[in-house]
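Have a look at the structure below, then the notes.
The values are calculated or read from the model by the stated rules, or taken from the named source; none is laboratory data. As the structure is a prediction and not an experimental result, all values here were calculated from the model. Positions of Cβ are generated from backbone atoms using ideal geometry, with glycine treated the same way; all protein chains shown enter the neighbour counts. For the accessible areas, the whole protein counts, side chains as well, though only heavy atoms, and no ligand, DNA or RNA atoms are used. Shrake-Rupley method; radii C 1.70, N 1.55, O 1.52, S 1.80 Å.
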Amino acid sequence: MSSALAILCAGVALSITPQSESPAVGPTPAATDPAPQESAAGQPADSAPAPDAQAKPAQPAASDPHAVEAAVIERTNAERVRYGLRPLAVDRLLMRQARQHAAWMTRARVLQHTGAMVAENIAMGQRSSTEAVQCWMNSSGHRANILDPGHTRIGVAAYSTADGTVFWCQQFLR
């Protein structure tokens, strides 16, 4: 069963102040939380750009969350613990799916749910993992996904456009 909602907190996309831990141009795993960066060609920023601008985004080598993803998971699990629920385990497949979907939303500049059979929270424009999780917790449908006692696994992603608009994706399974 999937319970999915979209949110644009405060009704505006917010830009990110460039900092050492923020993204450059994207689609970029991102926000003001530390994270690896990708170039506009979809390759990690610390590698040479691919000559083909149509290159597919490189997937992180492991299911280990980047810093921004880990921060979303940490904040989500803190909310669950606060309400007496068990923390969610990071799931390799959900991480890959959330990354692919967030990258797609970022490239298309569209806030739209995936067709995958998962519970999903998406958002756009929040400047940090804290702000994204707070927005979801202030929305009854998103909050229900986060606090669903049946959910045991999570995958998350945050990607940024070149202008700093961040697209967030959080997926859950039993």
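Determine, yes or no, whether V166 is β-branched (V, I, T), out of contact with any Asp or Glu (no Cβ under 9 Å at 6 or more places or on another chain) and under 13 Å from E69 (Cβ atoms).
When the stated conditions are applied, V166 passes them.
So, in region 112-143, how many residues would count as being open to solvent by less than 40 Å² (accessible area, probe 1.4 Å), assigned to a loop (DSSP other than H, G, I, E, B) and within 21 Å of R96 (Cβ to Cβ)?
Here the count works out to 2.
Using the structure shown, decide if Q59 is at pLDDT below 95, open to solvent by 70 Å² or more (accessible area, probe 1.4 Å), closer than 14 Å to G155 by Cβ and assigned to a loop (DSSP other than H, G, I, E, B).
yes
Pick from A71, A98, A53: which is farther than 19 Å from A119 by Cα, surrounded by 21 or more Cβ atoms within 10 Å (Cβ to Cβ) and either of a type outside the set (S, T, N, Q) or modelled with pLDDT of 95 or more (or both)?
A71
So if I check each of P87, P149, which one is open to solvent by 60 Å² or more (accessible area, probe 1.4 Å), at pLDDT 95 or above and either closer than 19 Å to P65 by Cα or in a helix (DSSP H, G or I) (or both)?
Answer to the check: P87.
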